[in-house]
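Asker: Next up is a structure, given as structure tokens.
The values are calculated or read from the model by the stated rules, or taken from the named source; none is laboratory data. What you are looking at is a predicted structure, and each value in this text was computed from that prediction instead of being measured. A quick note on method: Cβ atoms are made from the backbone with ideal geometry, for glycine too, and the neighbour counts reach across all protein chains shown. These accessible areas exclude ligands, DNA and RNA; they are computed on the full protein's heavy atoms, side chains included. Shrake-Rupley method; radii C 1.70, N 1.55, O 1.52, S 1.80 Å.
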Amino acid sequence: PKEPDVLFAMGILSLQLEDLAQARDYFTRLRDTGQRKGDSAYYLGQVAELSEDPEAAVGWYEKVDGEHELDAQVRVARIRAEQGAVERAREILQQLRDQWSENAVTLYLIEAEILRDLELPRDAMAVYDDALLTYPDNADLLYARALLAVSLNRLEILERDLKAIIERDPEHADALNALGYTLADQTDRHDEALSYIERAFAIKPDDPAVLDSMGWIQFRLGNLEASLTYLRKALEKLPDGEIAAHLGEVLWATGQRDEAWRIWEEALADDPDHAYLLRVIGRHRVTSSSPEH
């Protein structure tokens, strides 16, 4: 009953089972042994976070040392940001970059993600811009900035950054797919979009995101049956609101409106706040002749 490794294992198992009271008990008993104090503090912080006690979580995270110290401090920054202390959160992340310079890129990505979650996309863009001054060829930073650029209607940034990644790594399937999908979705450069998506498909033929893109470009090209084949396969592999929205759009276009509604409503039941799906449903709800919709 007092063996630290056993207490640790039982604490982790309880946490995975979402039994927070039991997890708290095991990690407290682990801490009382005087061993693995960094581990016990880190996981007691997680228990406090999951128990919606952010101040207790911060108190535990501040006690963490060893292998979990960096992640604990990142969690403190997230908590402070969620509490509205955004500048304090950013100060913490800058201090972490100074202290753990080898993790600077990851910490820039985390800072931008926090700002995006807080619906501060322009601040997030400034973080990517700043990071890329120091790490101009980093594919992760370029890719993240490109995806953010879409939400800011800055297609030229997305195109420039993704092409920079592809130029250095022609086999970067995610960049190929993101560029192809965006061109398919937001421009009339459909042949160019298809070429990028086909290259991504050759590398990742079973990837749901690539299958979704292939289905969407086939729809934009007017190849509805091919589109349905790709989109059905994508949704089968990954139940996702955006894929469901696309599949429903194509079903609607082929006159299969009952199935389109079924697909949309099933996806909405799984993710009732999915913004893209809600927009698609809202657009078609107006044109539906079914009184129940």
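Asker: Kindly check whether there is at least one residue in the range 96-103 that is surrounded by 15 or more Cβ atoms within 10 Å (Cβ to Cβ) and aromatic (Phe, Trp, Tyr).
Answerer: The answer is no; no qualifying residue exists.
Asker: For the range 189-204, give me the residue count where each residue is over 24 Å from Ala267 (Cβ atoms) and not in a helix (DSSP H, G or I).
Answerer: Selection size over the range 189-204: 1.
Asker: Right, another one. So, in the range 239-277, exactly how many residues are among the hydrophobic types (A, V, I, L, M, F, W, C), in contact (Cβ under 8 Å) with a residue 24 or more places away in the chain and in contact with an Asp or Glu (Cβ under 8 Å, 6 or more places away or on another chain)?
Answerer: The total comes to 5.
Asker: Go over the candidates Leu141, Leu231 one by one and state the one that is of a type outside the set (Gly, Ala, Ser), open to solvent by less than 40 Å² (accessible area, probe 1.4 Å), closer than 25 Å to Gln256 by Cβ and assigned to a helix (DSSP H, G or I).
Answerer: Leu231 is the lone residue from the list that is of a type outside the set (Gly, Ala, Ser), open to solvent by less than 40 Å² (accessible area, probe 1.4 Å), closer than 25 Å to Gln256 by Cβ and assigned to a helix (DSSP H, G or I).
This table checks each residue for (1) of a type in the set (A, V, I, L, M, F, W, C); (2) under 23 Å from the mean Cα position of the chain (by Cα).
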position: Glu18; (1), (2): no, yes
position: Tyr26; (1), (2): no, no
position: Thr33; (1), (2): no, no
position: Gly38; (1), (2): no, no
position: Asp53; (1), (2): no, no
position: Gly59; (1), (2): no, no
position: Ala81; (1), (2): yes, yes
position: Leu93; (1), (2): yes, yes
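Asker: Please tell me if Gly215 is in a loop (DSSP other than H, G, I, E, B) and either open to solvent by less than 60 Å² (accessible area, probe 1.4 Å) or among the hydroxyl-bearing types (Ser, Thr, Tyr) (or both).
Answerer: Here the answer is no, as Gly215 does not meet what is asked.
Asker: Another one. Does Lys163 meet the test of being among the basic types (Lys, Arg), open to solvent by 50 Å² or more (accessible area, probe 1.4 Å) and more than 25 Å from Val127 (Cα to Cα)?
Answerer: Against the criterion (among the basic types (Lys, Arg), open to solvent by 50 Å² or more (accessible area, probe 1.4 Å) and more than 25 Å from Val127 (Cα to Cα)), Lys163 does not qualify.
Asker: Let me ask something else. Would a scan of the range 48-56 turn up a residue that is among the aliphatic types (A, V, I, L, M), open to solvent by less than 70 Å² (accessible area, probe 1.4 Å) and assigned to a helix (DSSP H, G or I)?
Answerer: So far as the range 48-56 goes, yes, one or more of its residues are among the aliphatic types (A, V, I, L, M), open to solvent by less than 70 Å² (accessible area, probe 1.4 Å) and assigned to a helix (DSSP H, G or I).
Asker: Let me spell it out: the conditions are (1) touching a residue at least 24 places away in the same chain (Cβ under 8 Å); (2) open to solvent by less than 60 Å² (accessible area, probe 1.4 Å), and Ile92 meets all of them except one. Which number is the exception?
Answerer: (1)
Asker: Only residues in the range 49-70 that are closer than 26 Å to Tyr108 by Cβ count as the first member; pair them with residues that are assigned to a loop (DSSP other than H, G, I, E, B), Cβ under 6 angstrom, at least 6 apart or cross-chain, and list the lot.
Answerer: Taking only residues 6 or more apart or on different chains, the pairs are Leu70/Trp100.
Asker: Okay, next question. Anything in the range 61-79 that is over 23 Å from the mean Cα position of the chain (by Cα) and crowded, with 20+ Cβ neighbours inside 10 Å? List them, or say none.
Answerer: Answer for the range 61-79, where residues must be over 23 Å from the mean Cα position of the chain (by Cα) and crowded, with 20+ Cβ neighbours inside 10 Å: Tyr61, Val64.
Asker: Under 9 Å by Cβ, and 6 or more places apart or on different chains, what pairs join a residue from the range 7-19 that is open to solvent by 50 Å² or more (accessible area, probe 1.4 Å) and modelled with pLDDT under 95 with one that is part of a helix (DSSP H, G or I) and of a type in the set (Gly, Ala, Ser)?
Answerer: none
Asker: Let me ask something else about it. Mind checking which pairs have a first residue in the range 184-197 that is open to solvent by 60 Å² or more (accessible area, probe 1.4 Å) and a second that is modelled with pLDDT of 95 or more and part of a helix (DSSP H, G or I), Cβ under 6 Å, 6 or more apart or different chains?
Answerer: Matching pairs, first to second residue: Arg189/Leu183.
Asker: So, one more: Give me the pairs: first residue in the range 101-113 and among the polar types (S, T, N, Q), second residue open to solvent by 70 Å² or more (accessible area, probe 1.4 Å), beta-carbon distance under 9 Å, and six or more apart or on different chains, which are they?
Answerer: Thr106/Asp140
Asker: Out of the residues in the range 124-138 meeting the condition of being under 16 Å from Glu167 (Cβ atoms) and modelled with pLDDT of 95 or more, tell me which one is surrounded by the fewest Cβ atoms within 10 Å (Cβ to Cβ).
Answerer: Filtering the range 124-138 for residues that are under 16 Å from Glu167 (Cβ atoms) and modelled with pLDDT of 95 or more, the one surrounded by the fewest Cβ atoms within 10 Å (Cβ to Cβ) comes out as Pro136.
Asker: Do we have any residue at all in the range 146-153 that's modelled with pLDDT under 95, under 15 Å from Tyr108 (Cα atoms) and over 18 Å from the mean Cα position of the chain (by Cα)?
Answerer: no
Asker: Still on this structure, I have one more. Please tell me if Leu148 is assigned to a helix (DSSP H, G or I), surrounded by 14 or more Cβ atoms within 10 Å (Cβ to Cβ) and not basic (Lys, Arg).
Answerer: Judged against the criteria, Leu148 is a match.
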